[in-house]
Structure formats: structure tokens, C-alpha cells
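Trainee: This is the structure, below, for whatever I ask next.
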Amino acid sequence: MTRTWFELSQEDGAVLKTLVVEVSFDTDPNAASYSQGTVEAIFSTAKDVLTNETTMTVSAFRIVPRDAR
């Protein structure tokens, strides 16, 4: 993981918060540098933190490769 940020959007009058996690590997499952185990660990950790360690509400979660900026 190289960095994280939130993106805010609006849908039907509600503000949606998306947690974006940037990674240093390709997120295409067909790419040689793709790491399914790392993707699963990121999702698991984010779910645990958002469920058990904060009262923050997140509408969506996204993993992007570093070059996607």
C-alpha cells in the first residue's frame, strides 16, 4: 500500500464516502505482478478497522494501482 484517501460524491442528495487504497502492484488479475493474497489482506484489514476500530461510515472501498493517478 502506498497511500490512502477519501473521495466524496453525491447521489440522490446523500454524500457518499469512498475509501481508496493505492497499491504498488498491478490490480489486473491477469497481470504477472498481481497479488491476490495482498488484495484479500487489504480488504480484510479495511473491513476489520471500519467494523471494530472506528465509527466512521464508508460507502465504498476501492483499490487502485499507483500508475492510475
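Trainee: Quick one: divide the alpha-carbon radius of gyration of the chain by 2.2 N^0.38 Å and tell me what you get.
Mentor: Numbers: Rg = 13.3 Å, N = 69, 2.2 N^0.38 = 11.0 Å.
Computed over Cα atoms of the chain, the ratio equals 1.21.
Trainee: When DSSP beta bridges are limited to those with both residues in the chain, what percentage is antiparallel, rounded to the nearest 5?
Mentor: 60 percent
Trainee: Given only helices, namely DSSP H runs of n ≥ 4 each adding -39500 (n - 2.57), what is the per-residue ellipticity at 222 nm of the chain, to the nearest 500 deg cm²/dmol? Please report the intermediate quantities before stating the final value.
Mentor: Values: 1 runs with 17 residues, N = 69.
Helix contribution divided over all residues of the chain: -8500 deg cm²/dmol.
Trainee: Moving on to the next point. Taking only protein heavy atoms and a 1.4 Å probe, what accessible area per residue, in Å², does the range 3-65 have with all protein chains in place?
Mentor: Numbers: 4270 Å² over 63 residues.
Here the per-residue accessible area is 68 Å².
Trainee: Quick one: with all protein chains in place, what share of the accessible area of the range 3-65 is carbon or sulfur, to the nearest percent (1.4 Å probe)? Don't jump to the answer; show the numbers that get you there.
Mentor: Working: 2140 of 4270 Å².
Carbon and sulfur atoms account for 50 percent of the accessible area of the range 3-65.
The values are calculated or read from the model by the stated rules, or taken from the named source; none is laboratory data. In this text the structure is predicted, and so the values were computed from the model without any measurement. The area values use the complete protein model at the heavy-atom level, side chains included, leaving out ligands, DNA and RNA. Shrake-Rupley method; radii C 1.70, N 1.55, O 1.52, S 1.80 Å.
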